[in-house]
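Asks: My structure is below; once you've seen it, I'll send some questions.
The values are calculated or read from the model by the stated rules, or taken from the named source; none is laboratory data. Not measured: the values here are computed from a predicted model. Every residue, glycine among them, receives a Cβ derived from its backbone with ideal geometry; neighbour counts consider all protein chains shown. For the accessible areas, the whole protein counts, side chains as well, though only heavy atoms, and no ligand, DNA or RNA atoms are used. Shrake-Rupley method; radii C 1.70, N 1.55, O 1.52, S 1.80 Å.
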Amino acid sequence: MQLTRRGFVAASGLALTAACTPNVRRSQDADILILGAGLAGLHAARMLEADGFKTLILEADTRIGGRMHTLDQLPGRPEAGGQQVGQSYARIRSTAIDLGLNVVPPAPGGSRAKTMVFGNRVFDARDWASAPDNPFPDAFKRANPDTALFMAAAAENPLVDQYAWREIGSEFDISAEAFLERAGFDPASRALCNIALNANDLSTYSMLNLWRSLTLFAIDSSSGGSEEIEGGSQRLPEAMADSLSEGALKLGSAVTSISADESGVEVAAGGRTYRAPFGISTLPFPVLRKLDVTLSSSAPPIWPIIDQMPYTQIQQVHLEIEEGPSDDLPLMMWTDTPIERVFPVRNSTGETVALTCWINGVGIRPSTSDEDWKSLAEETLLATRGIRAKAHKVVRWDKDQPLSGGAYMHWAPGQIQPWAERVTQPSGRLHFAGEHTSFLHTGMEGAMEAGERAAYAIIEAAAGVEAS
């Protein structure tokens, strides 16, 4: 869909319309204001610029990429955010190719082998099935605590395709807690499944999140394994930003207020006010809910879902290995200790040089300082495996972080039917994008999809203004 000339004329028409309409904002700083320089905002900006619009991205951070965050200064260049590029990630792959980036297989040497630390014992995860203190129902004894929910869910997935999660009956929109209880998991079993859950809590996690992910994974994996951006995930948003026109991106411009109606959008950020006929907010809802926001009174209200949509809470500790384990067990770990899961970080030759401790949901400790987290991770690895490691950095994707409020959204039970479609609808001339508004994809591709949808919607709306 190429509307370059049409889009340019439409944007000019919008400026003229605004100038001639009473009580409409006059001095415009761009045709479209975009809030947030993550994948959604950058992709939308690139599309809109290609159609002749002048865009201006306001980003609160001093770096771009949002939840794409490569820790270049650490051994192995670990990822603190999005990493996997699925085979079906057409937008990610096409954009990378256009910008001269390579999408490559992961570093060699990866393995699914895992060690468990449970009840002060350290053992190969394959021995969990016969462990005397394994409380899982007989049908799920062979599932590790971090895979049991997936195994149970896969056996009962009601989704026939990637579209069905928004169409299926509300009887499937139940909590993971209720689902596991129905499958025969007792309280002790469910407590284990709640450790390192990719959500906040079993009771606040709709099963449709998981069934949707399983459906997408099946579609994706049928074409091959996931890959990644060569040199680190953050190379993609950096290249996207570099491809924009000069002056299209303002870093360090934290939004403090947003006002949107049928005449345009006004945003206060970085100590000044910006105006445009259209806007796109890619801000996570935990960020948006803290701002002074005035939305169009004629648009369907979305504040209940902005206020209530859950975002997965994650904290990470990144460590450099100084001395390997005193046993021969795998470095990847699931534990019932405070560090929860441990992932090895490999360099380009496949050598494991670092570890990432990944703490989710109920296990996060917002009040624990970075230095205390570093000490706790070092001490736990030494006590359980004899691993000597130096902690270099703590990364927090939690509710106390003003620019994120969490790592990624998930739906709570009962939210999808009333809200999944509504979050994609504009309020006046303010459109919403970001993974939290995606339909056919999740993760990085979901963010790109949402940015694309918002860009097309503005192109069509601008054409409508021109026609009128």
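Asks: Under 8 Å between Cβ atoms, at least 6 apart or on separate chains: pull out the pairs that start in segment 215-229 with a residue that is closer than 16 Å to VAL160 by Cα and end on any residue that is surrounded by fewer than 19 Cβ atoms within 10 Å (Cβ to Cβ) and of a type in the set (D, E, K, R).
Replies: Pairs that qualify, where the first residue is closer than 16 Å to VAL160 by Cα and the partner is surrounded by fewer than 19 Cβ atoms within 10 Å (Cβ to Cβ) and of a type in the set (D, E, K, R), are THR215/ASP161.
Asks: Look through ALA96, ALA10 and report the one residue that is crowded, with 22+ Cβ neighbours inside 10 Å and either at pLDDT below 95 or over 18 Å from the mean Cα position of the chain (by Cα) (or both).
Replies: Of ALA96, ALA10, the one residue that is crowded, with 22+ Cβ neighbours inside 10 Å and either at pLDDT below 95 or over 18 Å from the mean Cα position of the chain (by Cα) (or both) is ALA10.
Asks: Turning to a different aspect of this structure: How about segment 40-67: which of its residues are open to solvent by less than 10 Å² (accessible area, probe 1.4 Å) and within 19 Å of PRO284 (Cβ to Cβ)?
Replies: Those that are open to solvent by less than 10 Å² (accessible area, probe 1.4 Å) and within 19 Å of PRO284 (Cβ to Cβ): ALA40, GLY41, LEU42, ALA44, ALA45, ILE57, LEU58, GLY65.
Asks: Here's a check for you: in segment 78-99, which residue that is assigned to a loop (DSSP other than H, G, I, E, B) and out of contact with any helix residue (DSSP H, G or I) (no Cβ under 7 Å at 6 or more places or on another chain) is nearest to TYR408 (Cα to Cα)?
Replies: This residue is GLY81.
Asks: Restricting to segment 212-249, and then to whatever is polar (S, T, N, Q) and assigned to a helix (DSSP H, G or I), can you tell me which residue is farthest from the chain's Cα centre (by Cα)?
Replies: Per the criteria, the residue is SER221.
Asks: I'd like the full set of residues that are among the hydrophobic types (A, V, I, L, M, F, W, C), in a helix (DSSP H, G or I) and either touching a Leu at 6+ places or on another chain (Cβ under 7 Å) or open to solvent by less than 40 Å² (accessible area, probe 1.4 Å) (or both), limited to segment 173-197.
Replies: Result: ALA176, PHE179, LEU180, LEU192, CYS193.
Asks: Here's a follow-up. Restricting attention to segment 371-400, which residues are in a helix (DSSP H, G or I), out of contact with any strand residue (DSSP E or B) (no Cβ under 6 Å at 6 or more places or on another chain) and acidic (Asp, Glu)?
Replies: Passing the criteria: GLU371, ASP372, GLU379.
Asks: Just to be sure before I move on: is LEU331 surrounded by fewer than 22 Cβ atoms within 10 Å (Cβ to Cβ), touching a residue at least 24 places away in the same chain (Cβ under 8 Å) and farther than 30 Å from PRO413 by Cα in the structure I sent?
Replies: yes
Asks: Exactly one condition in (1) open to solvent by 40 Å² or more (accessible area, probe 1.4 Å); (2) part of a helix (DSSP H, G or I) is false for LEU149; which is it?
Replies: (1)
Asks: Does at least one position in segment 67-82 carry a residue that is modelled with pLDDT of 95 or more, among the acidic types (Asp, Glu) and closer than 26 Å to GLU262 by Cβ?
Replies: So far as segment 67-82 goes, no, none of its residues is modelled with pLDDT of 95 or more, among the acidic types (Asp, Glu) and closer than 26 Å to GLU262 by Cβ.
Asks: Every residue in segment 59-77 that is farther than 21 Å from GLY350 by Cβ and not in a loop (DSSP other than H, G, I, E, B), please.
Replies: none
Asks: Take segment 103-124 and flag every residue that is assigned to a strand (DSSP E or B), of a type in the set (D, E, K, R) and open to solvent by 30 Å² or more (accessible area, probe 1.4 Å).
Replies: Hit for segment 103-124 is ARG121, nothing else.
Asks: Let me ask you something else. Within the set of pairs 6 or more residues apart or between chains, which connect a residue that is open to solvent by less than 50 Å² (accessible area, probe 1.4 Å) inside segment 133-145 to a residue that is of a type in the set (Lys, Arg) and part of a loop (DSSP other than H, G, I, E, B) with Cβ atoms less than 9 Å apart?
Replies: Note: pairs meeting the criteria are ASN134/LYS141; PHE136/ARG142; ASN144/LYS114.
Asks: Among the strands (runs of 3 or more DSSP E) confined wholly to segment 255-315, which include 1 or more residues that are on the phi < 0 side of the Ramachandran plot and surrounded by 22 or more Cβ atoms within 10 Å (Cβ to Cβ)?
Replies: Because the criterion is at least 1 residues that are on the phi < 0 side of the Ramachandran plot and surrounded by 22 or more Cβ atoms within 10 Å (Cβ to Cβ), the strands (runs of 3 or more DSSP E) in segment 255-315 that meet it are 255-261, 264-269, 272-276, 278-281.
Asks: While we're looking at this one, here's another question. Kindly check whether there is at least one residue in segment 386-396 that is touching a helix residue (DSSP H, G or I) at 6+ places or on another chain (Cβ under 9 Å), crowded, with 17+ Cβ neighbours inside 10 Å and among the small types (Gly, Ala, Ser).
Replies: Checked against the condition, which is being touching a helix residue (DSSP H, G or I) at 6+ places or on another chain (Cβ under 9 Å), crowded, with 17+ Cβ neighbours inside 10 Å and among the small types (Gly, Ala, Ser), segment 386-396 yields at least one hit.
Asks: If you don't mind, another one. Determine which member of the set GLU227, GLU156 is within 30 Å of ALA107 (Cβ to Cβ) and either open to solvent by less than 20 Å² (accessible area, probe 1.4 Å) or out of contact with any Ser or Thr (no Cβ under 6 Å at 6 or more places or on another chain) (or both).
Replies: GLU227
Asks: Taking only pairs six or more apart or across chains, which ones have beta-carbon atoms under 9 Å, a first residue in segment 370-399 that is over 23 Å from ALA199 (Cα atoms) and at pLDDT below 95, and a second residue that is open to solvent by 20 Å² or more (accessible area, probe 1.4 Å) and part of a loop (DSSP other than H, G, I, E, B)?
Replies: none
Asks: Let me ask something else. Among the residues that make up segment 401-415, is at least one of them open to solvent by less than 10 Å² (accessible area, probe 1.4 Å), in contact with an Asp or Glu (Cβ under 6 Å, 6 or more places away or on another chain), outside any helix (DSSP H, G or I) and more than 22 Å from PRO300 (Cβ to Cβ)?
Replies: Taking every residue of segment 401-415 in turn, none turns out to be open to solvent by less than 10 Å² (accessible area, probe 1.4 Å), in contact with an Asp or Glu (Cβ under 6 Å, 6 or more places away or on another chain), outside any helix (DSSP H, G or I) and more than 22 Å from PRO300 (Cβ to Cβ).
Asks: Still on this structure, please answer the following. Suppose we filter segment 419-462 for residues that are touching a residue at least 60 places away in the same chain (Cβ under 8 Å) and either of a type outside the set (A, V, I, L, M) or assigned to a loop (DSSP other than H, G, I, E, B) (or both); how many remain?
Replies: Number of matching residues: 25.
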